[in-house]
Amino acid sequence: ADDPNSPIGELVRKVREHPFVMVVGRSGSGKSSLVYAGLLPALRREHDRFWNALSLRPGPTPLRALAAAFNPRADGEGAAEYAKRITKEADELRTGDPELLSHMIRGQLDQTEGKPDHLLLYIDQWEELYAQAPPSSDKERAAQHTADVNRFIDLLLTASRTAPVAVVATVRADFYDPLIGHDEIKSLLPTRQVLLGKMLRSELESTIVEPARKVLLTFDPPKLVQRILDEAGEDEGMLPLLQYALKESWALRKDNTISGDSYARSGGV
């Protein structure tokens, strides 16, 4: 992870240099793992900055998703009451000052325990901005959605310039076209993107072994890791399945050991 030329090394360096960075890769290429298992721990080890993190997926209503990320549901607040509050917050984001998100970020850091001075705002599955648009036949909703997407992007870009934030987004490579349909993103991308290729077997192995080592978890027999890697193969589409199989094996572990039996019972990859 400390290799400056590895994807994690490159991502950490770019986030230190730029407040807006995109991780581009094929489906299942380990984009979110790179952020959660690589970037976040690296930022939390920094001495000169104290980071807090928020994450969201844009879904079909990106301004609501942004509002909800900064406004968790209160204890005892009814579902309808909460939805109404988020509608109102999303409307403010839609029509308010472009600096509004910057103010929200400062307020959020201010109210967080320990007073962190930087926010990592992680937008997972950025492609949902394009993939979850209403059909173009529904002209009114389609136009509103396009306006909301542009507003969402403008709020993030403005915040990245004026607030103590690093915006990191993961996006599927097959959505590169709509991504560069936005002029400012198109001009930023050459210096602000991390492209993920295939994961090498050694990299895949460390994504299995390293987190286990941190919690003193062992594999029995030790060859089990190689068997899991053989089953995962070279296809990046296997990563989500691998993640699931490891999570299930962890749930079925005995003491601090993942055995061949608990892996088999998880259904494997």
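The values are calculated or read from the model by the stated rules, or taken from the named source; none is laboratory data. Predicted, not measured: the structure shown is a model, and the values here were computed from it. Cβ: placed from backbone, ideal geometry, glycine included. Neighbour counts: every protein chain shown. Note: areas computed on protein heavy atoms with side chains; ligands, DNA, RNA excluded. Shrake-Rupley method; radii C 1.70, N 1.55, O 1.52, S 1.80 Å.
Apart from one condition, Pro58 fits all of (1) assigned to a loop (DSSP other than H, G, I, E, B); (2) under 18 Å from Met22 (Cβ atoms); (3) out of contact with any helix residue (DSSP H, G or I) (no Cβ under 7 Å at 6 or more places or on another chain); the exception is (3).
Does the range 242-262 hold any residues that are open to solvent by less than 60 Å² (accessible area, probe 1.4 Å) and more than 25 Å from Ser27 (Cβ to Cβ), and which are they? Within the range 242-262, Leu252, Thr257, Ile258, Ser259, Gly260, Ser262 meet the criteria. Within the range 146-161, the presence of at least one residue that is under 27 Å from Glu46 (Cα atoms), part of a helix (DSSP H, G or I) and open to solvent by 40 Å² or more (accessible area, probe 1.4 Å) is confirmed.
The number of residues in the range 35-64 that are closer than 12 Å to Thr170 by Cβ and either among the hydroxyl-bearing types (Ser, Thr, Tyr) or open to solvent by 20 Å² or more (accessible area, probe 1.4 Å) (or both) comes to 3.
Going by the structure shown, is Leu109 at pLDDT 95 or above, touching a helix residue (DSSP H, G or I) at 6+ places or on another chain (Cβ under 8 Å) and not aromatic (Phe, Trp, Tyr)? The answer is no for Leu109.
In the range 14-34, which residues are open to solvent by 50 Å² or more (accessible area, probe 1.4 Å) and either among the β-branched types (Val, Ile, Thr) or over 19 Å from Ala163 (Cα atoms) (or both)?
Arg26, Ser27
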